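For reference, the structure discussed in these notes is given below.
The values are calculated or read from the model by the stated rules, or taken from the named source; none is laboratory data. None of the values given here were measured: they were computed from a predicted structure. Note: ideal-geometry Cβ built from the backbone for every residue, glycine included; neighbour counts use all protein chains shown. Protein only, heavy atoms only, side chains kept; ligands, DNA and RNA dropped before computing areas. Shrake-Rupley method; radii C 1.70, N 1.55, O 1.52, S 1.80 Å.
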Amino acid sequence: LNWHAGAGGFSYLLEPVWWAGMISMIVGEAANFAAYAFAPAILVTPLGALSIIVSAVLAQFILNEKLNMFGMLGCLLCITGSLTIVLHAPPERHLGSVVEVWQLAMQPAFIGYTVFAVSVIVFLILYVAPSHGSTNIFVYIGICSLAGSLSVMSCKALGIAIKLTFRGDNQLVYAETHFCLAVVVCCVLTQMNYLNKALDLFNTAIVSPVYYVMFTVLTIVASIIMFRDMQGTVQIMTEGCGFVTIVAGTFLLHATKDFEVTVHDLARMAKDSTVQGLMLAHQQNVRDTQYHPVDVEMDPPAGPSSSQSSSVMRYSNTKRPE
C-alpha cells in the first residue's frame with residue numbers, strides 16, 4: 001500500500017517533522033492573515049516572496065546550504081521588486097463592516113470569477129488530476145492557486161471583521177462572517193492536500209516558484225476585480241515591473257541553488273576565457289602567415305624557342321629542391 005501524498009495517501013500526517021513545519025506555517029499565515037486586515041491584498045500577496053529570502057538565509061545557517069552569488073542576486077532582485085510594489089501600492093480602502101465586503105463580493109464581475117474558479121477546480125479534480133496529475137505540474141498547482149485566490153479574498157473579509165470586532169463593533173453576529181470562515185477552511189484544506197501531492201511528485205525547486213507565480217497572479221486578478229485596488233495605467237505598469245522583478249529573482253534563486261559558484265570562480269573563468277581567446281587568435285595568425293602565397297615569378301627557359309616556357313611558384317613556407 002502506497003501512503004505517499006502523490007499516490008493519494010496521508011502518511012505524512014504521522015511525521016513529527018511535517019507537523020513542526022505545519023505549525024510554523026500556521027503561525028506565519030496567522031501573521032499574513034493579520035496583514036490582510038490592514039493592507040490591500042495586491043500589496044500583501046507579492047511580498048510573500050520575502051519568505052523565500054528568509055528560507056534561503058536560514059538554510060545557510062541551519063542546513064549548511066551555501067548561498068551562491070546567483071542566489072544572492074536572486075535575493076536582491078526579490079527585495080528590489082518588493083520595494084517597488086510597496087512604494088507604489090494603492091491606499092487601503094476603508095470598509096465599515098463585513099457586510100460591505102459581502103456587497104463587493106456580490107458584484108457580477110467577482111461572481112463570474114468565483115464561478116470560473118470553482119468550475120475549473122472541480123474540472124481539474126474530477127477529470128484531469130486522475131489521468132494527468134502525476135505528469136503535469138500545472139494540474140495540482142492550478143488547483144492550489146485558484147483555491148488560494150478565493151481564500152485570500154475570504155481572509156481579507158475575516159481580517160476586517162476581526163479588526164472591527166476588537167474595536168468594539170461586533171461582526172461575529174453576521175452570517176457573512178461565518179460564511180467567509182467556511183470558505184477559508186475549505187480552500188486551505190484543498191491547498192494543503194494538493195500542494196503536498198505536487199511536492200511529493202515534482203522537484204521543490206520547480207514547484208515553489210511556479211506556485212508562487214500562479215498564486216500571486218490569480219490573487220492580484222481577484223483583488224482587482226473585487227476591491228478595484230488599481231488606480232491608473234502608470235500604477236499598473238509599475239506594479240507589474242515590481243512583480244516581474246520578484247519572479248525573476250525567485251526563479252534565479254531556485255534554479256541555481258545547486259551551483260557552487262563564487263566571485264573568485266567567475267574572475268578565474270573570465271581570465272581563462274581571455275587567455276584562451278588570445279591563444280586561439282595567435283594560432284590563427286600563425287597559420288595565416290605560414291600558408292600565405294607570394295607573387296608568381298616567370299622564368300624563361302634557355303633555348304632557341306621563346307614559346308616554350310615554364311613557371312615556377314615559390315612559397316614562403318617551402319624550400320627549393322637542391
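Structural remarks
- These residues, GLU15, GLU239, go from largest to smallest accessible area, 1.4 Å probe, as GLU15, GLU239.
- Table column - 3J(HN,Hα) (Hz), the stretch 137-152, Karplus curve with 6.51, -1.76, 1.60, x for Gly and Pro: 5, 6, 5, 5, 5, x, 4, 4, 5, 5, 5, x, 5, 6, 5, 5
- Linear extension gain, LEU13 paired with ALA59, 0.36 nm per residue minus alpha-carbon span: 14.2 nm
- Sequence of LEU146, LEU13 when ordered by accessible area, the most exposed leading, probe 1.4 angstrom: LEU13, LEU146
- Residues with amide H under 5 Å from that of GLN171, placed H, sequence gap 5 or more: THR165
- Heavy atoms of TYR127 accessible to a 1.4 Å probe, total area in Å² rounded to 10: 150
- In this rough spin-label picture, where each label sits 7 Å from Cα along the Cβ direction, the THR165-THR238 distance is 3.6 nm.
- A Förster radius of 30 Å combined with the Cβ-Cβ distance from ASP200 to HIS178 puts the calculated FRET efficiency at roughly 0.35.
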